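All remarks here apply to the structure that follows.
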Amino acid sequence: MKKGLNKVIALITMCTSSLVTFGMPYAHANVARYNLEDHYSVIRGFVEDRAVVLGQNGLYGYINTSGQPFVAPKYTQALDFSEGYAQITYTNVQNPSANYYGYINANGSEVVKIPGEPESTVNGAFATGVALVMSDENPDRYIDTNGSILLEVLEPHSNLGPVSNMGLIKIEDDQNELGNFFGYMDLNGEMVIPFSYQDAGEFNNWVAPVKKNGRWGYIDAEGNTVIPFSYASATEFSDDGVAFVGNFDGKKALINKFEQGLTGFDFDAVGEISEGYAAVCQGTMTETGFVGTYGYINTQGQPVLPMIYEGAQPFSEGLAAVKYQGKWGYVDALGNTVIDFVYDYATPFENGNAIAKLGPNWFILAPKPIR
């Protein structure tokens, strides 16, 4: 599954439970590797040892794991690295016709530039060495890391997906008089699974969630139904072979690829399945937002951390950033508090580094004491 910070769950709750810790958690002074002070407005989590930053000039750049500028803030948009490349957007204020979209490589060099066509967008990260470029003026196309066109989609479609690890692309037919329908094609532009579905997800672990007659089920790469159309919602299967499905009361449950229920429909919100665990939430939606408590289950559906947190992020490198009594810290899968709950913001660890904010200052944290 895609890594990264895009699946963070951090919502306010009315939690009043007490937190039991085991042993002595690491204090901030022991794990703060670098103090970046207030040089940036926003810092995202590390992905492939680079973190996106929003500079005080309102532009985006990147830092490395030492907190040094990798690319100075100069882009109007910048996304996380994926497969050694990161999507950027550059706007030339003096010469708007020179605007471009493109990618930088792991050295920070701009290696793919796409001239600024009207309404043109590079649609996300490279996946399996391929990225999608969409345009209102020219055919949508899939490019490789050299910028070479692998496939032009000549017929207009409002919804095109990335190339899955099975080589299939989700595509929407919005020209049908009966409504919009989804199917899948390959990189040769050949339809592999016809336009039969009201909605569709991406293939992972050999199956994809699709919607038919108002209900979600799962199909294989040949279009065969492998889990019947029974659900109000459905996520992609994880690499562990489990997925979350929803009933028509808005509750979520965990199932395996044999459609065996591993939990009841007990949860109101669920997070990314990572390292064998998933954050789950029980709560309600109010006028001011979602109010609930978060905990974790494993891929067998067993609870591993109690529903006492106000926010929860995916496990990474054995730790999860969680929010308790208004502050973020880190716990392990046994519920031990590993790093104190003192932060206003915290990201998952990647290669031994995480981003956290304390007051106006940003820090790079280590998972173990460095002092």
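Overview of values
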read-out: Residue tally, condition surrounded by fewer than 21 Cβ atoms within 10 Å (Cβ to Cβ) and not charged (D, E, K, R), over region 71-100; value: 17
read-out: Where a residue in region 35-56 is within 17 Å of Pro314 (Cα to Cα) and its partner, wherever it lies, is assigned to a loop (DSSP other than H, G, I, E, B), with Cβ under 6 Å and at least six apart; value: Arg44/Leu5; Gly45/Leu5; Gly45/Thr347; Gly45/Pro348; Val47/Gly4
read-out: Pairs with Cβ under 8 Å, 6+ apart, first in region 248-274 and free of Cβ contacts under 8 Å to residues at least 60 places away in the same chain and among the small types (Gly, Ala, Ser), second buried (at least 17 other Cβ atoms within 10 Å of the Cβ) and not in a loop (DSSP other than H, G, I, E, B); value: Ala253/Phe244; Ala253/Val245; Ala253/Gly246; Ala253/Phe267; Gly261/Ala253; Gly261/Leu254; Gly261/Ile255; Gly264/Ala253
read-out: From the options Tyr330, Tyr343, residue that is of a type outside the set (S, T, N, Q) and either touching a helix residue (DSSP H, G or I) at 6+ places or on another chain (Cβ under 7 Å) or farther than 24 Å from His39 by Cα (or both); value: Tyr330
read-out: Candidates Ala320, Ala356 - the one that is of a type in the set (A, V, I, L, M, F, W, C), under 18 Å from the mean Cα position of the chain (by Cα) and outside any loop (DSSP other than H, G, I, E, B); value: Ala320
read-out: Given (1) surrounded by fewer than 20 Cβ atoms within 10 Å (Cβ to Cβ); (2) out of contact with any strand residue (DSSP E or B) (no Cβ under 6 Å at 6 or more places or on another chain), number of the condition Tyr345 does not satisfy; value: (2)
read-out: Subset of region 260-316 [outside any strand (DSSP E or B), among the hydrophobic types (A, V, I, L, M, F, W, C) and touching a Leu at 6+ places or on another chain (Cβ under 6 Å)]; value: Leu262
read-out: Val163 being surrounded by 16 or more Cβ atoms within 10 Å (Cβ to Cβ) and either modelled with pLDDT under 90 or basic (Lys, Arg) (or both); value: no
read-out: Of all residues in region 174-229 being among the charged types (D, E, K, R) and touching a Gly at 6+ places or on another chain (Cβ under 7 Å), the one that is nearest to Gly246 (Cα to Cα); value: Glu202
read-out: In region 244-255, the residues that are surrounded by fewer than 19 Cβ atoms within 10 Å (Cβ to Cβ) and closer than 26 Å to Pro348 by Cα; value: none
read-out: Tally, over region 151-210, of residues that are outside any strand (DSSP E or B) and under 21 Å from Thr225 (Cα atoms); value: 14
read-out: Where Phe265 falls short, out of the listed (1) touching a Lys or Arg at 6+ places or on another chain (Cβ under 7 Å); (2) among the aromatic types (Phe, Trp, Tyr); (3) within 24 Å of Gly326 (Cα to Cα); value: (3)
read-out: Residue that is surrounded by the most Cβ atoms within 10 Å (Cβ to Cβ) [pool: residues in region 323-342 that are part of a strand (DSSP E or B) and of a type in the set (A, V, I, L, M)]; value: Ile339
read-out: Members of region 211-242 that are assigned to a strand (DSSP E or B) and among the charged types (D, E, K, R); value: Lys211, Lys212, Arg215, Asp220
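The values are calculated or read from the model by the stated rules, or taken from the named source; none is laboratory data. Since the model is a prediction, treat every value here as computed from it, not as a measurement. Here Cβ is always computed from backbone atoms with ideal geometry, including for glycine, and neighbour counts include all displayed protein chains.
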